[in-house]
Amino acid sequence: MTIKHAIRAGLLGLALIATSGAAQFSAARADALDAIMKAKVIKIAVPQDFAPFGSAGLDLKPQGYDIDMGNLIAAKLGVKAEIIPVTSANRIPYLQTKKADLVISSLGKNAEREKVIDFSIAYAPFFSGVFGTKAIVAADYAALKGKTIGATRGAIEEQELSKNAPADATVKRFEDNNATIAAFVSGQVDLIATGNTVAAAIAEKNAARPPVLKFVIKDSPCYIGLNKDEPKLLAKINEIVAAAKASGELAKLSEKWLKAPLPPGF
């Protein structure tokens, strides 16, 4: 064999090895669902410090909307859920380093995150809105005419009210969330503009005056995060979430943890 032929043969061999390695890597990335089903375990990263989506219960075990969602997915797959508590800062790294198969951690979708991970369809509502007692009717900004609305100064809800509320609506601004909540609970304001998780916490602690959603100010639902290039797993998760929505299981989770039905159009 000449030197030229030897070089060609060597290059061909390297090319075959590289092609084989790339194919094996691609297959591994695409077979996350198969690996989960084989292991009979799905590793799910959940929040540990963001009630009612995820926090430690009195028994120190994780509890919340996201934990119930993770257990639901595991049950539908017929595997065991391995719940892994994470924080907002480390939840995506846990996914990228394969310490978790899924992140169910009140995760919002944005362009930067979409560059590094994939998202399921929405599984939980997360939004800012105007809330009030059941007797008050206020379906939009125009309906705030003559009403008093409490909001935390500088918060997105206060900013949106400043831009959109009618001139004859009274927006009472408070310096922090606790003061805003206290104003609603005590009846100082007719309505409160806040996040749905805050409204859920108020309803949990103040059954005599639970806030009911009147309309949404800004919508930012939660999605399940998973690694890119896992089409089989993504399709299966979307199938499970869609079925849970159609069956009413998601509505039950919303009532249980957010103390409110799923918002219209969710």
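Derivation of every value follows stated rules applied to the coordinates shown; laboratory data play no part. Just so it is clear, the structure is predicted and the values come from calculations on it, not from any experiment. Neighbour counts are summed over all protein chains in view; Cβ atoms, including those assigned to glycine, are modelled from backbone coordinates with ideal geometry.
Restricting the count to DSSP beta bridges whose residues both fall in the chain, what percent are antiparallel, rounded to a multiple of 5?
Percentage antiparallel, nearest 5: 60.
Expressed as a rounded percentage, what relative contact order does the stretch 127-219 have, with Cα pairs under 8 Å and six or more residues apart?
It rounds to 47 percent for the stretch 127-219.
For a 22 Å ceiling on Cα separation, which of these pairs sit above it: 228/252; 38/109; 145/172; 76/252?
Exceeds cut-off: 228/252; 38/109.
What percent of all Cα-Cα pairs in the chain falls into each 5 Å bin, going from 0 up to the bin containing the maximum distance?
Over the chain, the share of Cα pairs per 5 Å bin runs 1, 6, 11, 14, 14, 12, 10, 8, 7, 5, 3, 2, 2, 1, 1, 1, 1, 0, 0 percent.
Give the residues of the stretch 77-92 whose amide nitrogen is closer than 12 Å to a point set 7 Å from the Cα of residue 37 in the direction of its Cβ.
In the stretch 77-92, the label zone of residue 37 (backbone N under 12 Å from the point 7 Å along Cα→Cβ) covers 77-79.
Just list whichever of 43/236; 134/218; 40/99; 61/259 have alpha carbons separated by over 19 Å in the model shown.
Beyond 19 Å between Cα atoms: 134/218; 61/259.
What is the distance, in nm, between label points placed 7 Å from the Cα along the Cα-to-Cβ direction at residue 243 and at residue 116?
3.2
Kirkwood Rh, Cα Rg: Rg to Rh for the stretch 22-166?
The Rg/Rh ratio comes out at 1.11.
Anyone know which of 225, 78, 70 comes out most mobile in the 10 Å Cα GNM of the chain?
Evaluated over the chain, the most mobile residue of the options is 78.
Compare the Cα positions of 135, 60, 174 along the charge dipole of the chain (+1 at Cβ of Lys, Arg; -1 at Cβ of Asp, Glu; about the Cα centre) and return the one farthest towards the positive end.
In the chain, that residue is 60.
Which order do 69, 37 fall in if you start with the one that has the fewest other Cβ atoms within 10 Å?
37, 69
Which whole-Hz ³J(HN,Hα) couplings does the stretch 124-131 yield from phi under the Karplus relation 6.51 cos²θ - 1.76 cosθ + 1.60, θ = phi - 60°, glycine and proline marked x?
Result, ordered by residue: 8, x, 8, 7, 9, x, 9, 10 Hz.
With the cut-off at 1.5 for a/c, could you classify the stretch 129-258 from its C-alpha gyration tensor as rounded, prolate or oblate?
prolate
Using a Gaussian network model of the chain with C-alpha springs under 10 Å, which one of 135, 35, 193 is most mobile by mean-square fluctuation?
Most flexible of the set in this elastic network: 135.
Return 162, 220, 106 ranked ascending by Cβ neighbour count within 10 Å, so the fewest neighbours appear first.
Ordered by Cβ neighbours within 10 Å, fewest first: 162, 220, 106.
Can you list the aspartates and glutamates whose alpha carbon is less than 15 Å from that of residue 232, not counting same-chain residues fewer than 8 positions off?
Counting by Cα, and skipping residues close in sequence, residue 232 has these aspartates and glutamates nearby: 31, 34, 101, 118.
According to the square roots a ≥ b ≥ c of the eigenvalues of the Cα gyration tensor, what is the shape class of the stretch 130-196, taking rounded for a/c under 1.5, prolate for a/b larger than b/c otherwise, and oblate for the remainder?
The shape class here is oblate.
Sum -39500 (n - 2.57) across every DSSP H segment of at least 4 residues in the chain, then divide by the residue count to get the 222 nm mean residue ellipticity, nearest 500.
Per the formula, -12500 deg cm²/dmol.
Could you list 97, 152, 170 so that the one with the fewest beta carbons within 10 Å of its beta carbon is first and the one with the most is last?
Fewest-to-most Cβ neighbours within 10 Å comes out as 97, 170, 152.
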